[in-house]
């Protein structure tokens, strides 16, 4: 099968890309506006650079064309807390993908406990294995796209002690949930890198 992306609708492109580029980590982003916490998961997400330390996440718009709360809040305040998702947090994370009004908090609606960890940033999801305090560095405009890639600069990172295998070498091992097509998955067997012949 060979597919010309110029000849298929965006919905079909999404299906193909989301099922081909797997597994994808999930960015569970917390923003705040007027005292209302917004939580939303995004799987078009990956590290971008370590100098400067940046992540990139793509955020779409609502069906009526208005920006989603995550994008609107980041444009207004320029800050977010990005949480990674453990298996224990799968259900509340998935629930928080339900569209709510700007005035309603997913944390309150779905009884998701939050805890303050970074000064000057929104709280993180309690129990998240890791979280990043991020500032909005750049918004990328893609011609013809309803999706906005956002470049987020990492200011601080929280890592649960249970994830730290070797603190001196900064070796981490967190069990995280990933997106695989329309479903979720745990990472399976770890495979050691083979040796490269001389």
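Since every read-out is calculated from the coordinates, none of them should be taken as a lab result. Just so you know, these numbers come straight off a predicted model, no measurement behind them. Neighbour counts are summed over all protein chains in view; Cβ atoms, including those assigned to glycine, are modelled from backbone coordinates with ideal geometry.
Given the options 16, 136, 100, which has the most mean-square fluctuation in a GNM of the chain, springs set between C-alpha atoms less than 10 angstrom apart?
16
So what does the Cα-only Debye profile of the chain read at q = 0.09, 0.13, 0.17 Å⁻¹, as log10 I(q)/I(0), no solvent term?
-0.36, -0.75, -1.25
Ranked by Cβ crowding within 10 angstrom, fewest neighbours first, how are 139, 189 ordered?
189, 139
Take 161, 33 and order them by how many other Cβ atoms sit within 10 Å, fewest up front.
161, 33
Can you tell me how much longer the chain between residue 90 and residue 192 gets when fully stretched, taken as 0.36 nm per residue apart minus their C-alpha distance, in nm with one decimal?
Length difference between fully extended and current span is 34.0 nm.
Which residue, 63, 113, 25, has the most motion in a Gaussian network model of the chain that connects Cα atoms within less than 10 Å?
Of 63, 113, 25, the Gaussian network model singles out 63 as fluctuating most.
Using the number of other C-beta atoms within 10 angstrom as an exposure proxy, rank 1, 114, 124 with the fewest first.
Fewest to most other Cβ atoms nearby, the residues stand as 1, 114, 124.
Report, in deg cm²/dmol and to the nearest 500, the calculated mean residue ellipticity at 222 nm for the chain, where each DSSP H run with n ≥ 4 adds -39500 (n - 2.57) and the sum is divided by the residue count.
For the chain, the value works out to -4000 deg cm²/dmol.
Given the options 148, 24, 13, state which has the largest fluctuation in a GNM of the chain using a 10 Å cut-off (strictly under) for Cα springs.
13
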